[in-house]
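Comments concern the structure below.
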Amino acid sequence: MRVGVKFCGNCNPLIDMGAVLQELQAQGSDVEFVPWSEERYDVLLVLSGCGRDCATRPDFDGRVIEATDASVDQMPVAATELPEAILAVLRAEAEHE
Amino acid sequence: MRTGQQYIDSLRKRDIKVYLKGELLESSTVVDHPFIRGHVASAAMTYDLAHDPRYEDLMTVKSHIDGRTINRFTHIHQSTEDLLKKVKMLRMISQKTGTCYQRCVGFDALNALYTVTFEMDAKLGTDYHKRLQAYLEYVQDTDIMVAGAMTDPKGDRSLRPGQQADPDLFVHVVKRDDKGIVIRGAKAHMTGMVNSHEMLIMPTMAMAPEDKDYAVSCALPVDAPGVIHIFGRQTNDDRKCEGDMDQGNARYGIVGGECLTVLEDVFVPWDKVFMCGEIDYAGLLVERFACYHRQNYGGCKGGVSDVVIGAAAVMADMSGYGKAAHIKEKLNEMIHMAESLYACSVACSAEGKKTASGAYFVDPLLANVGKHNVTKLIYDIDRLAQDIGGGLTATMPSEADLRSPVIGKYVEKYLKGVVSVPTEHRMRIGRLIENMTGGTALVESMHGAGSPQAQKVFYSKLSNLEHKKRLALDIAGVPVAETPKKPA
Ligand SMILES: Cc1cc2nc3c(=O)[nH]c(=O)nc-3n(C[C@H](O)[C@H](O)[C@H](O)COP(=O)(O)OP(=O)(O)OC[C@H]3O[C@@H](n4cnc5c(N)ncnc54)[C@H](O)[C@@H]3O)c2cc1C
């Protein structure tokens, strides 16, 4: 599965989403993470530094997964469990496809 | 959508038990009691304005359930624009009433419960959201007024609910069966309760496992068997039994006509129960409600401040010092503070975000900063109004003295300001300043939607001090140790 990644801009972040992405890459060898500006990916992952989740969304037809410092797809998740929670959603999405 | 008159007529049909100064009021005429009728008129404004084309863009909205036009006070926010319009609506209504119109509390309770029941069901497999949706449809259908009942009496603040000498100091479930639950306790400081149709009960704080029976949320009529309301006293309230001038704001009163609501073994059927023992969600519900409610204050207190600023400016004109430089300076300072309050409410709405339920939620950091500003700046605005208002606002003779055939001429003569302004007009403005800047009116800004410390704890938690430290270390050229993902 190819995942396009977009960051929010991190004006006043509550979490280091760069570090979260590194963790995702380390734990998720079954998933390929690419910048959102690449031509083709299956899922768009928006990583926001705080709950405002204000990143401008690129035109994308497929599934968008939104993670903030305290949630994945708007459901509360502890910051420490964020990489695992994001990977769980990505893997569920891969199975679904 | 109901009109103000339809709203008032419907209140007369309740079998409500309201005690006032030790006496039980006749239920069909509760709305006419001099202590209460101003609050009723203020709430009725939220109904009447919805029928006025000048205000419909703020006052009405399409229901997300069925697309019908509904009163915004029964709406679930579907966008940041909805959140912004709520703030603008509150400012506009406050400009007309000069006081609280009470309906935002139930509005915020509905929105908070809408988001939390959805998340609770998703995690726990419960069916609270479906029940809440059915209740919401009923509220939108009937356009009823719902009081938001969160604050418990709390007894000894250093003890948890279950540790209190008296277990009833927090509302709790005393019985459950296949039909529903029975609750006991009381809710304190209940805004608009005696002129509402229903109330939404919510827990007052996060709950520990031993407090399971206290994690309860439900809806019930204000006249359900076992419910008793004891109406609160306010500054100068006996003036309401005299003529209108000495009241300052005779049409709409001061704050929201609060009461102590006692729940003496009240039955609530399951379809009106939205939380029962789910301790992990009690704190979340408190947070959501508190943030929605704190969002309001730059809107409603912004509008109330508009009236105070206007009153101070008019008093200066009526007294002949309207053109003085220090008066203009003080009025500008008041404007600056009022708009700063408004700015925080606008900001927390603009930065609002969709929740899993689809409803939009305000930015909690900015909502809390905004309400914390209210606990200070309203006092500063009112201090300046009292400065400009002069000592008259504290020492003025009564309306009866003005009307007296014997001494009226002295009041008329010695309370005169600028010669072209009738003395009565100057006295009325003085009374308005007195009413809006002292006593009961001020305490609402301090404790309504939570005491200042509650906001400070919230924004301190969200402010990410560790991040700020790292910024400083980096810019100062001090090596930043291994960056933690999240401050401990
Ligand atoms: C005009 C008005 C209208 C209101 N309307 C409503 C309404 O419609 N619905 C509703 O649910 N509530 C309503 N409230 C209640 C409001 O939310 C509470 O007043 C507020 O939360 C503070 O609670 P309290 O009054 O019990 O004060 P307390 O909680 O007793 O606070 C008094 C002081 O003690 C401090 N304190 C309290 N507990 C502790 C502790 N454990 N440790 C250290 N310090 C502590 C506080 O920070 C504060 O400084 C209203 C209040 C007012 C004044």
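The values are calculated or read from the model by the stated rules, or taken from the named source; none is laboratory data. What you see is a predicted model; the values in this text were computed from it and never measured. Quick reminder, even Gly has a Cβ in these numbers, built from the backbone with ideal geometry, and neighbours come from all protein chains shown. Ligands, DNA and RNA are stripped out before the accessible areas are found, and what is left, the full protein with its side chains, is counted by its heavy atoms. Shrake-Rupley method; radii C 1.70, N 1.55, O 1.52, S 1.80 Å.
For the reader, a short list of remarks on this structure follows.
- The helices (runs of 4 or more DSSP H) found entirely in the stretch B:72-170 that carry 2 or more residues being among the basic types (Lys, Arg) and touching a residue at least 24 places away in the same chain (Cβ under 8 Å) are B:80-97.
- For the stretch B:194-215, the set of residues classified as among the small types (Gly, Ala, Ser) and surrounded by 20 or more Cβ atoms within 10 Å (Cβ to Cβ) consists of B:SER196, B:ALA215, listed by residue number.
Condition check ((1) more than 16 Å from the ligand (Cβ to nearest atom); (2) open to solvent by less than 10 Å² (accessible area, probe 1.4 Å)) across all residues:
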| residue | (1), (2) |
| --- | --- |
| B:GLY106 | no, yes |
| B:LEU110 | no, yes |
| B:THR115 | yes, yes |
| B:ALA122 | yes, no |
| B:TYR128 | yes, no |
| B:GLN133 | yes, no |
| B:VAL139 | yes, yes |
| B:ALA149 | no, yes |
| B:ASP156 | no, no |
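- For B:ASP238: the one exception among (1) in contact with a strand residue (DSSP E or B) (Cβ under 7 Å, 6 or more places away or on another chain); (2) surrounded by fewer than 18 Cβ atoms within 10 Å (Cβ to Cβ); (3) free of Cβ contacts under 8 Å to residues at least 60 places away in the same chain: (1)
- Residue satisfying all of: in the stretch B:178-193; within 16 Å of the ligand (Cβ to nearest atom) and assigned to a loop (DSSP other than H, G, I, E, B); most open to solvent (accessible area, probe 1.4 Å) among these: B:HIS189
- All of B:ALA367, B:ALA359 fail the test of being within 16 Å of the ligand (Cβ to nearest atom) and not polar (S, T, N, Q), apart from B:ALA367.
Matching residues to (1) modelled with pLDDT of 95 or more; (2) of a type in the set (Lys, Arg); (3) over 27 Å from B:LEU465 (Cα atoms); (4) surrounded by 15 or more Cβ atoms within 10 Å (Cβ to Cβ):
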{"residue": "A:ARG2", "(1), (2), (3), (4)": "yes, yes, yes, no"}
{"residue": "A:MET17", "(1), (2), (3), (4)": "yes, no, no, yes"}
{"residue": "A:GLU32", "(1), (2), (3), (4)": "yes, no, yes, no"}
{"residue": "A:GLU39", "(1), (2), (3), (4)": "no, no, yes, no"}
{"residue": "A:VAL43", "(1), (2), (3), (4)": "yes, no, yes, yes"}
{"residue": "A:GLY49", "(1), (2), (3), (4)": "no, no, no, yes"}
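- Scanning the stretch B:344-362 for residues that are assigned to a helix (DSSP H, G or I), within 14 Å of chain A (Cβ to nearest Cβ) and open to solvent by 10 Å² or more (accessible area, probe 1.4 Å) yields a count of 2.
- Count - residues of the stretch B:55-82 that are under 20 Å from B:ALA112 (Cβ atoms) and open to solvent by 40 Å² or more (accessible area, probe 1.4 Å): 5
- Only one of the listed residues (B:ALA250, B:ALA224) is away from the ligand (no atom under 14 Å from the Cβ), without any contact (Cβ under 8 Å) to a residue 60 or more places away in the chain and more than 14 Å from chain A (Cβ to nearest Cβ). That residue is B:ALA224.
- Screening the stretch A:19-30 for residues that are within 13 Å of the chain's Cα centre (by Cα) and open to solvent by 30 Å² or more (accessible area, probe 1.4 Å) and picking the one that is farthest from the other protein chains (Cβ to nearest Cβ) gives A:GLN25.
- Taking the numbered list (1) assigned to a helix (DSSP H, G or I); (2) more than 16 Å from the ligand (Cβ to nearest atom); (3) of a type in the set (Lys, Arg) in turn, B:LYS376 passes all entries but (2).
- Residues considered: B:LEU365, B:LEU331, B:LEU341, B:LEU384. Of these, the only one that is open to solvent by less than 40 Å² (accessible area, probe 1.4 Å), at negative phi and within 14 Å of another protein chain (Cβ to nearest Cβ) is B:LEU365.
- All positions within the stretch A:49-73 that are touching a Gly at 6+ places or on another chain (Cβ under 9 Å) and within 12 Å of chain B (Cβ to nearest Cβ): A:GLY49, A:ARG52, A:CYS54, A:ALA55, A:THR68, A:ASP69, A:ALA70, A:SER71
- Selection count, the stretch B:253-285, where residues are surrounded by 17 or more Cβ atoms within 10 Å (Cβ to Cβ) and within 16 Å of the ligand (Cβ to nearest atom): 15
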